[in-house]
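Only one structure is covered here, and it is reproduced in the block below.
Readers should treat all values here as calculations from the given coordinates under stated rules, not as data from a laboratory. Values in this document were obtained by computation on a predicted structure and should not be read as measured data. Because the Cβ atoms are built from the backbone with ideal geometry, glycine has one as well, and the counts that use them run over all protein chains shown.
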Amino acid sequence: MRIAVAAGPGDGGELRPLAEDGAPAGPARAVPDLVAEIAERERADAPRWVWPSTARLYPRLLRAGVRVARCHDLELVESLLLGHAGRYGEPRSVRAAWARSRGEPVPSDPPPVPEASPQASLFDDDPAGREARPPDDLGQIVAVHAAQQRAAAGLDGFALLAAAESAGSLVAAEMSHDGLPWSAEEHDALLTGLLGPRPTGGLRPRRLQELADSISAAFGRRTHVNPDSPAQILKAFAAAGLPIPSTRAHVLKRLDHPAVPLLLEYKELARLHAAHGWAWLDAWVSDGRFRPEYVVGGVVSGRWATNGGGALQIPRVLRKAVVADPGWCLVVADAAQLEPRVLAALAGDRAFSDAAAHGDLYAALSDAFRTTSARAGGSPEGADGLSPRDKAKLALLSAMYGGGTTEAVQLLGVLKSRFPDALEYVEAAARAGERGLLVRSRLGRTCPPPSAGWRELTSAGDDEPGDGTGPASAPDGIASGRGNAAQALRSRGRFTRNFVVQATAADWALALLGSLRRRLTALGPPHLVFFQHDEVIVHAPAALAGEVTEAVRAAAEEARRLLFGDTPVVFPMEIAVVDRYSDAK
């Protein structure tokens with residue numbers, strides 16, 4: 001059973017029951033208290049709720065203590081369908097989808113309503129924000145949902161993708177609401193130990209100022225160098241007879257100069273202070289919880305992003321601050337070697353799949369490289385010092401990401417001779433990308449089409465020199481007009497080569513989340529509090545740690561079956577039950 005939801009002005013709204021194909025299954029009904037009505041129908045029927053955006057409506061329910069089992073997020077599904085059609089970036093709102101279906105002018109998506117603080121959407125009822133948005137149109141919601149159901153029915157695997165993406169939206173909202181357990185006291189102690197006491201008046205922390213003074217002294221008593229100024233650092237090294245092209249860490253490490261270790265320490269601590277220092281702690285942690293705003297499908301591959309807070313980049317040093325509540329624990333689980341296993345399952349290469357049926361995939365593949373070294377008359381490690389397992393890992397990463405060193409290219413030859421179907425799978429994706437075609441994940445998530453600039457460059461055969469690199473968000477390999485045609489082709493080929501694997505890994509992770517969320521709900525108190533690509537953290541009563549561990553393993557197995565059916569490839573989860581996140585690895 002499905003029920004369409006339209007939020008109205010104030011607390012009211014409209015509901016209408018729908019059949020699975022989206023057709024109306026009853027009359028529309030206005031309700032004075034939308035949250036209360038949803039709570040009652042959830043208890044009675046547990047339908048799949050069809051609404052424009054989980055991110056906008058579900059936090060309102062969570063604040064009232066209402067959780068739902070299933071939903072269909074129209075905006076997220078519309079984004080997936082637009083992407084499948086090669087129409088990335090078009091407006092995805094219900095109004096836009098409605099207008100597009102009728103051949104009318106498509107309105108732009110409305111900007112998100114600004115919040116007063118990072119925590120405002122979680123704790124404020126925000127009636128003014130709701131009033132600022134126009135009420136939902138139930139007729140448009142019903143029509144757009146029906147159109148999406150018809151479109152999904154004609155695309156293999158897409159219905160599962162839509163369900164998984166929508167389930168992910170529920171998980172994201174719940175994680176923001178529940179929050180990751182975070183000790184502000186522990187965080188402050190860590191910062192104080194590394195940086196010194198909290199500074200005032202915009203001054204540098206004591207340790208950073210000590211390093212800044214030492215850096216200047218290392219260049220000579222008459223030289224003042226601001227370590228926050230790359231231009232001054234470059235000038236100082238040039239004056240010392242050590243010209244360098246940049247102040248990147250790998251460039252500095254090649255230099256023999258007393259300022260280098262000081263600069264490296266300064267850069268690391270300054271990054272921590274800027275990204276996760278006391279200002280971050282004040283803004284993002286309250287009542288013992290870190291509550292970021294997750295963006296489902298925020299990256300084209302299907303990976304998530306966040307609106308501020310840096311939840312997906314918690315520095316290892318600060319993981320000590322992630323502490324379970326008394327009597328509770330953190331069940332930390334991540335998928336071992338996820339992307340290579342995804343490739344094995346996608347390609348259906350029998351020999352590769354058999355190797356991926358073992359716990360350590362790289363170790364299982366290492367025999368191919370040990371045998372090759374022996375035939376060449378060398379030791380298993382070879383002149384480069386790489387073990388057969390290291391060689392297997394390097395070869396697989398090169399296969400999935402493209403490029404690599406001369407050694408990687410040689411190892412790819414070994415991989416291709418032993419596992420030809422696996423290599424052909426990613427190489428076919430690369431060739432498709434170089435031809436300007438679209439590639440898709442297992443469930444149908446689709447890569448962006450090449451830009452007009454890429455098509456113009458590659459069709460013209462421009463030979464202007466360039467490095468062929470660009471920002472990660474620009475898979476065309478075109479940055480500031482640089483890059484010749486061959487480099488642009490190779491860059492897009494590398495992008496599509498990895499997309500088919502990484503996007504399918506995102507499909508698997510979403511299926512894992514949906515399955516795990518359902519199992520945790522059955523257990524009661526445990527709940528998901530963190531998700532990052534292939535890693536999840538569950539906050540649970542210590543007495544339920546064993547049951548949560550089993551739930552994680554069962555969810556991983558269910559995700560495997562949903563995506564790949566009867567494959568011998570296994571997706572093992574490395575699980576640790578700890579009091580602190582830092583103790584998990």
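Please list, by residue number, every one of the GluC sites (Glu not before Pro) in the stretch 58-115 that is coil in DSSP and has at most 15 other beta-carbon atoms within 10 Å. Walk me through the numbers on the way to the answer.
Numbers: sites: GLU75, GLU78, GLU115; in loops: GLU115.
Qualifying residues, ordered by number: GLU115.
Going through the stretch 16-114, which trypsin sites (Lys or Arg not before Pro) have at most 11 other Cβ atoms within 10 Å and a DSSP loop state? Walk me through the numbers on the way to the answer.
Values: sites: ARG29, ARG41, ARG43, ARG48, ARG56, ARG60, ARG63, ARG67, ARG70, ARG87, ARG92, ARG95, ARG100, ARG102; in loops: ARG67, ARG87, ARG92, ARG102.
The qualifying sites are ARG102.
Which value results for Rg/Rh of the chain when Rg is the Cα radius of gyration and Rh the Kirkwood radius based on the inverse mean 1/r?
Values: Rg = 26.4 Å, Rh = 26.7 Å.
Computed over Cα atoms, the ratio is 0.99.
Computed over the Cα atoms of the stretch 62-111, what is the convex hull's projected area averaged over all directions, in nm²?
Details: hull surface 19.4 nm².
So the Cα hull casts an average projection of 4.8 nm².
Any of LYS235/LYS391; LYS267/LYS320; LYS235/LYS320; LYS320/LYS391; LYS253/LYS416; LYS320/LYS393 with alpha carbons more than 32 Å apart? Name them for me.
Numbers: LYS235/LYS391 41 Å; LYS267/LYS320 21 Å; LYS235/LYS320 39 Å; LYS320/LYS391 34 Å; LYS253/LYS416 36 Å; LYS320/LYS393 30 Å.
Beyond 32 Å: LYS235/LYS391; LYS235/LYS320; LYS320/LYS391; LYS253/LYS416.
For a quick check of your reading of the filter: which trypsin sites (Lys or Arg not before Pro) in the stretch 180-270 sit in a DSSP loop and have no more than 16 other Cβ atoms within 10 Å? All intermediate terms of the calculation are to be shown ahead of the outcome.
Details: sites: ARG206, ARG207, ARG221, ARG222, LYS235, ARG248, LYS253, ARG254, LYS267; in loops: ARG221, ARG222, ARG248, LYS253, ARG254.
Sparse-neighbourhood loop trypsin sites (Lys or Arg not before Pro): ARG221, ARG222, ARG248, LYS253, ARG254.
Restricting to DSSP H runs of at least four residues, report the calculated mean residue ellipticity at 222 nm for the chain, -39500 (n - 2.57) per run over all residues, nearest 500 deg cm²/dmol.
Numbers: 23 runs with 293 residues, N = 585.
Taken over the chain, the calculation gives -16000 deg cm²/dmol.
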